[in-house]
Structure formats: C-alpha cells, structure tokens
C-alpha cells in the first residue's frame, strides 16, 4: 500500500475502489440474479453464497467504473499524468489492456476472497475475528486486496511490456 500510495493517492484509490466496486456489484448482482440463469454456485464447498451471476456483476461494475474513470481522467489528452489512476495507465496502452486488466484484477479479487474463506473453513471458523461483528472479521476487509494490490502494481510497473 505504501508503494501504491507513492505512485499517488489517485492510483491507490483506484485499486481500492476496484476491489470495493467488485464486491458491492457482486453482492447486488448475486442477490438480484443469483440462481436464475447459471444455476451453479461459484465455489459451493468454499463459499456457498457466491454465484457466477455475482462474479459477472462485479466484473461489469469494475469495467464500467474503469472506463468512466480513465476517460474522464485522460479527457482529450493522450498524456498520462504523473499521479494517474490504474485505469488511466492501462488505457494509455490501449483499450484492450484496460478491459483485460480490469477483468484480471477483478478475478484476482474474487480469488483472494475465496482463499480467505477456504482458510476460515479449514480452521472451522465462520469469522476471522470478532473485531468487526457481522463482517466476517478483519481478514474479510482485506482478503481481496492481498492478491489485487501487488498485481495492480505489477501491471502499472510493466506498462512498457504491453506496447506493441
């Protein structure tokens, strides 16, 4: 987080919001559409409440936010500001990288959540702590960030690789 903040508050906030938007959109899409179309849970033995509809809804929410944020931030200019968001950095290399990057990072946020749920299940615990009652514990607040933040830093640091 310190290194991401070193890239600018805009960059750190863009990664944090990616995880939060994915979580919120997944929750509401899962509630609204869960079990209506696919009828297959995402990982029933690990986290029975997660559905494919929720995962798709989370990805669509992140794509929408990423595109709007990047277009707004870059405006008519193709120059990337020094303290640019993750989305502006990805879009500066092409639309395909913005779309793939958002989808990849959203998937990794789901993986982080599932890994944390797996750890809790293997330990026979419902919550990782009682510090935040009703939230599954402290680990539920950071589980999706654990894989997403380093991968976002990697994507931002390796932009020159993506230039075709």
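Figures for the structure shown
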item: So residue 162, is it modelled with pLDDT under 90 and surrounded by 17 or more Cβ atoms within 10 Å (Cβ to Cβ); result: no
item: The lone exception for residue 33 - which of (1) in contact (Cβ under 8 Å) with a residue 12 or more places away in the chain; (2) surrounded by 14 or more Cβ atoms within 10 Å (Cβ to Cβ); (3) closer than 22 Å to residue 149 by Cβ; (4) in contact with a helix residue (DSSP H, G or I) (Cβ under 9 Å, 6 or more places away or on another chain) it fails; result: (3)
item: When residues of the stretch 109-132 are limited to those that are buried (at least 22 other Cβ atoms within 10 Å of the Cβ) and modelled with pLDDT of 90 or more, the one farthest from residue 66 (Cα to Cα); result: 110
item: Tally, over the stretch 1-18, of residues that are assigned to a helix (DSSP H, G or I) and buried (at least 20 other Cβ atoms within 10 Å of the Cβ); result: 6
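The values are calculated or read from the model by the stated rules, or taken from the named source; none is laboratory data. Here the structure is a predicted model, which means the values were calculated and not measured. Because the Cβ atoms are built from the backbone with ideal geometry, glycine has one as well, and the counts that use them run over all protein chains shown.
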